[in-house]
Amino acid sequence: MYFEWEVATNNIKRIEFADTVEEGLGANGQEFVLPFKERYYEKYDIFQVDETGQQCIVVARPQHKRDDYWEVTVRLIDNDYSSVFAGAQRGDTTRFISNAMPEMHEEGYIKYQSNIAKHRNYITTHRVDCSYSATFAAMEDVFIKIGQGKGNGEMTETIYRMEKQEKTLLDNFMYVRNNGLLFNKSNVDVNGKATIVDPDTQRPIYIGEGIIPQVERFASKVVFSKLTTEIFRTVLNLLGEKAESPTGNTYVCICNERLWYLVQDHLAEFLAHFHTDGAYLWSMKANDYVKVGATYNAYEYGGNTIIFRVDRTFSREYGYDKGYGLFLDLTADKTSNQPPISLFTLKGGDFISNKVLGVGGENGLTSGVVSSPVAGGKLINWGYSGVAVFNPYRSAIIREA
């Protein structure tokens with residue numbers, strides 16, 4: 001009941017120093033050792049220290065000293081042996097630049113392999129039941145007329161229609177499944193065992209991880225006190241660093257109602273600063289009524305677009321008083337054309353509907369063979385579902401302070 005996928009990205013990571021490095025190393029072309037938190041640089045790789053701009057070439061295979069600590073032997077790159085290492089603090093970052101090989105070279109590496117991560121998620125089983133009596137079933141499809149005395153006491157009829165149980169059951173199932181696919185946290189340990197079991201039968205209960213927990217682990221986070229277009233540009237820059245292409249990307253922002261109205265207010269002010277033609281903001285209808293304003297559902301900057309979608313589920317989860325928005329990259333993979341998010345289930349098992357019919361049959365008035373001696377019945381909706389965010393790294397979250 002699980003599925004796996006690999007995230008392969010060409011985004012070059014920033015590799016952090018695992019310890020402080022003193023300055024002055026590498027004089028006269030000498031080799032020296034730099035500590036990193038992970039194995040990323042291989043022999044003949046060239047990398048640059050972000051803080052100082054110095055470049056080094058790796059001259060030996062990295063050595064694993066302990067968890068999260070790799071020693072890499074390097075030399076500074078210069079043309080007169082005059083450079084010395086400027087020093088670095090723990091947590092300072094470096095990035096891969098290139099590589100350089102000698103004649104009759106014997107080995108080489110690609111960073112594409114170093115950036116593959118395997119993800120796993122589990123399929124959850126959802127079920128909702130609805131029981132009803134035979135009398136209710138007999139009345140369900142008719143209009144109920146209730147007489148009321150109005151005015152001078154004359155009887156008038158008000159007509160009510162009882163809600164169909166199928167619709168109630170379907171609404172409940174969709175709510176359960178959709179909320180689970182969004183917000184559920186997984187209860188499966190590293191060995192693939194569920195940490196929760198049914199207390200009566202000891203059967204394991206597997207809970208798959210929803211979209212929000214998958215994204216929150218890797219998403220870039222931005223906190224704002226006042227929403228401005230600068231916030232949007234910041235998010236676009238963060239997402240652009242992880243995208244396959246710097247332009248032509250489409251991001252969706254799923255937000256709560258508070259952020260939706262903040263977007264409307266700010267984009268209206270943003271347009272006002274450009275002194276746009278009045279016809280853009282209002283129109284005269286045939287009945288001489290004037291419609292003022294507009295609804296803003298997208299923002300474009302630097303060849304990339306954000307599409308805003310309001311979801312009341314986010315309002316219930318994150319509140320109505322603080323803005324919350326989840327940005328996802330909806331640009332399909334350019335190699336495999338794979339969508340960014342997919343639902344996983346068993347074949348034909350995403351939605352299953354069953355009926356247990358008792359005395360009275362389906363409508364409470366039917367003769368024939370029944371499955372229960374009870375004058376009533378039961379409707380059951382159930383199914384299997386799990387969700388995969390194929391590249392959770394290409395995501396961002398903004399929250400109002």
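The values are calculated or read from the model by the stated rules, or taken from the named source; none is laboratory data. Nothing here was measured: the structure is a model prediction, and the numbers come from that model. Note: ideal-geometry Cβ built from the backbone for every residue, glycine included; neighbour counts use all protein chains shown.
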When you scan the stretch 48-114 for strands (runs of 3 or more DSSP E) that lie fully inside it, which ones turn up with 1 or more residues that are in contact (Cβ under 8 Å) with a residue 60 or more places away in the chain and of a type in the set (Lys, Arg)? 93-99
If we only count strands (runs of 3 or more DSSP E) wholly inside the stretch 345-401, which ones have 3 or more residues that are buried (at least 17 other Cβ atoms within 10 Å of the Cβ)? 376-389, 395-400
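For residues that are charged (D, E, K, R) and assigned to a helix (DSSP H, G or I), tally how many sit in the stretch 220-229.
Count: 0.
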Could you please find all residues in the stretch 98-123 being at pLDDT below 80 and either of a type outside the set (A, V, I, L, M, F, W, C) or surrounded by fewer than 11 Cβ atoms within 10 Å (Cβ to Cβ) (or both)? Ile110, Lys111, Tyr112, Gln113, Ser114, Asn115, Ile116, Lys118
Looking at (1) exposed (fewer than 11 other Cβ atoms within 10 Å of the Cβ); (2) at pLDDT below 90; (3) of a type outside the set (D, E, K, R), which is the one condition that is false for Thr135? (1)
Restricting to the stretch 286-321, name every residue that is of a type in the set (Val, Ile, Thr) and more than 22 Å from Phe270 (Cβ to Cβ). Val290, Thr313
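Conditions (1) under 30 Å from Asp350 (Cβ atoms); (2) out of contact with any helix residue (DSSP H, G or I) (no Cβ under 9 Å at 6 or more places or on another chain); (3) buried (at least 18 other Cβ atoms within 10 Å of the Cβ), marked per residue:
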{"site": "Glu4", "(1), (2), (3)": "yes, yes, no"}
{"site": "Lys13", "(1), (2), (3)": "no, no, no"}
{"site": "Asp19", "(1), (2), (3)": "no, yes, no"}
{"site": "Glu23", "(1), (2), (3)": "no, yes, no"}
{"site": "Gly26", "(1), (2), (3)": "no, yes, yes"}
{"site": "Glu31", "(1), (2), (3)": "no, yes, no"}
{"site": "Lys37", "(1), (2), (3)": "no, yes, no"}
Do we have any residue at all in the stretch 171-181 that's modelled with pLDDT under 90, of a type in the set (A, V, I, L, M), under 28 Å from Gly323 (Cβ atoms) and assigned to a helix (DSSP H, G or I)? no
Give me the pairs, please: first residue somewhere in the stretch 345-373 and farther than 29 Å from Asn178 by Cβ, second residue anywhere and exposed (fewer than 13 other Cβ atoms within 10 Å of the Cβ) and not polar (S, T, N, Q), beta-carbon distance under 7 Å, and either six or more positions apart or on two chains. Gly358/Pro373; Val359/Pro373; Gly361/Gly368
Just the residues that are at pLDDT 90 or above, in a loop (DSSP other than H, G, I, E, B) and of a type in the set (A, V, I, L, M, F, W, C), please, taken from the stretch 5-44. Ala18, Leu25
Tell me, which residue of the stretch 213-256 that is more than 27 Å from Tyr320 (Cβ to Cβ) and either touching a helix residue (DSSP H, G or I) at 6+ places or on another chain (Cβ under 9 Å) or charged (D, E, K, R) (or both) is surrounded by the most Cβ atoms within 10 Å (Cβ to Cβ)? Asn249
Here the residues within the stretch 15-55 that are under 37 Å from the mean Cα position of the chain (by Cα) and among the hydrophobic types (A, V, I, L, M, F, W, C) are Ile15, Phe17, Ala18, Leu34, Phe36, Ile46, Phe47, Val49
Is it the case that some residue within the stretch 318-332 is modelled with pLDDT of 90 or more, surrounded by 14 or more Cβ atoms within 10 Å (Cβ to Cβ), in a loop (DSSP other than H, G, I, E, B) and in the same structural domain as Gln214 (by TED's automatic domain parsing)? yes
Take Leu365 and decide whether it is out of contact with any strand residue (DSSP E or B) (no Cβ under 8 Å at 6 or more places or on another chain) and within 30 Å of Phe136 (Cα to Cα). yes
Return the residues of the stretch 48-100 that are polar (S, T, N, Q) and within 17 Å of Asp19 (Cβ to Cβ); say none if nothing qualifies. Thr52, Gln63, Thr73, Gln89, Thr93, Thr94
Scanning for something over 25 Å from Glu300 (Cβ atoms), at pLDDT 90 or above and part of a loop (DSSP other than H, G, I, E, B), does the stretch 210-219 turn up at least one residue? yes
